[in-house]
Amino acid sequence: MDSLGFIGLGVMGQPMALNLRKAGHPLGVYARDPAQSAPLLAASAVSHATPFALAQASDILFINVSDDAALEAVLFSTDGAATGLRAGCVVVDMGTSSPTHTRQLAARLGEREIDLIDAPVSGGQAGAISGTLAIMAGGADAAFQRVLPYFQVMGGNIVHVGDCGAGQVAKACNQIVISAALLGVAEAFTFAVRQGVDAAKVRQALLGGSAYSRILEIHGHRMLDGQFKPGFKARLHQKDLGIVQAEAHAAGLALPSAALAAQMMNALVGNGDGELDSSALIKVIQQLNGIAP
């Protein structure tokens, strides 16, 4: 049986790691904040003092951190995990990173005979808790098959998209679609209000037709209630759209709806609302139109 390690016990990582432990898998953890590891220790996971120490005890190391810089630090800083891993180990990046950086990491780890699987997720905190996340994986097939039983504990829709970086490309596509949908729902509700129509009843009507989406159902409800406790923080959505913009620029691609959504998310974060759920995007649309929340 593989010994598992998990780094990144935040809003998403903590319940994902808990699901691995509840399924009976041996699990070690590392967290800078001891409070984040407390529920794992209560479930008989083993705490390690550094990423290096955890890597030494792991056959498969799951990492769920916020961005390229954090991933780089976890792997290659002093006491980083990379030097603690043995040949034949697998690193699984379950955060959202840039496809370019992912491919670079895969090459560096490959020099040590360590496989990288990039496996970003979608489904928010609720999906992480229930073990129903969508998992988009990139990497060698043999490494994917080795990790698949653990993915099945954390997710429901698991797709091996392609080679290293393909999972991150799929996640970028996910964020493009979600961002356009968030913007569309926010504009629809704002239009309804300015027309003197109850936006809640408009949402109810749209849920029964071709405009139905989980964004309209879940995030639309948050917009109407003005309750923006984060399932996915706006500052992280801003970061993800930054990845989309950088990759699109490098590829010479015009993605106008993603660019517009990125600017709106920039405004939301710039207004001091980066810790709110990304559905708070409606606040920017309301402000542009002089409508009180």
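Quick note: the coordinates plus some simple rules give every number you see, no bench work behind them. Note that the structure is a prediction, hence the values are computed from the model and not measured. Virtual Cβ from ideal backbone geometry, glycine too; neighbours counted across all protein chains shown.
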Modelling each spin label as a point 7 Å along the Cα-to-Cβ direction, I'd like the His221/Leu41 distance in nm, to one decimal. 3.6 nm
Hey, what number do you get for the chain at 222 nm if only DSSP H runs of n ≥ 4 count, each worth -39500 (n - 2.57), divided across all residues, to the nearest 500? -15500 deg cm²/dmol
From fewest to most C-beta neighbours within 10 Å, the residues Arg214, Arg222 line up as Arg214, Arg222
Apply the a/c threshold of 1.5 to the C-alpha gyration tensor of region 4-162 and tell me whether it is rounded, prolate or oblate. rounded
Checked region 169-288 with the C-alpha gyration tensor, a ≥ b ≥ c its square-rooted eigenvalues, rounded below a/c of 1.5, otherwise prolate if a/b is larger than b/c and oblate if not; verdict prolate
Any idea how far the Cα center of region 210-238 sits from the one of region 97-120, in Å? 32 Å
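So how do Lys229, Lys171, Lys239 line up by other beta-carbon neighbours within 10 Å, fewest first? Let's see the in-between values first.
Values: Lys229 9, Lys171 27, Lys239 20.
Ascending Cβ contact count within 10 Å gives the list Lys229, Lys239, Lys171.
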Karplus (6.51, -1.76, 1.60) ³J(HN,Hα), θ = phi - 60°, over region 94-102, in Hz, Gly and Pro reported as x: 9, x, 9, 10, 6, x, 4, 5, 4
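Once Rh for the chain is found with the Kirkwood sum over Cα pairs, what is the Stokes-Einstein diffusion coefficient at 4 °C and 1.567 mPa s, in µm²/s? Spell out each step's value before the answer.
Working: Rh = 19.9 Å.
Calculated translational D: 65 µm²/s.
Ranked by Cβ crowding within 10 angstrom, fewest neighbours first, how are His25, His160, His219 ordered? Walk me through the numbers before you get to the answer.
Numbers: His25 18, His160 21, His219 26.
Listing His25, His160, His219 from fewest to most nearby Cβ atoms yields His25, His160, His219.
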Collect residues whose amide H, placed 1.01 Å from N in the peptide plane, falls under 5 Å from the amide H of Asp163; neighbours closer than 5 in sequence don't count. Gly139
Check which residues have an amide H placed less than 5 Å from Phe6's amide H, if you skip close sequence neighbours. Gly28, Val29, Tyr30, Phe62
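From the Cα gyration tensor of region 132-172, with a ≥ b ≥ c the square roots of its eigenvalues, which class applies: rounded if a/c is under 1.5, or else prolate if a/b is larger than b/c, or else oblate?
Details: a/c = 2.89, a/b = 1.16, b/c = 2.50.
In terms of gyration-tensor shape, oblate.
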With θ set to phi - 60° and the Karplus curve 6.51 cos²θ - 1.76 cosθ + 1.60, what are the ³J(HN,Hα) couplings of region 173-189 in order, to the nearest whole Hz, using x for Gly and Pro? 4, 4, 5, 4, 5, 4, 5, 5, 5, 4, 5, x, 5, 4, 5, 4, 5
Straight-line reach only, C-alpha to C-alpha below 25 angstrom: list the lysines that Lys239 could link to, leaving out same-chain residues fewer than 8 apart. Lys171, Lys229, Lys283
Whole-Hz ³J(HN,Hα) from phi, Karplus 6.51 cos²θ - 1.76 cosθ + 1.60, for region 165-171, glycine and proline x: x, 5, x, 5, 5, 4, 5
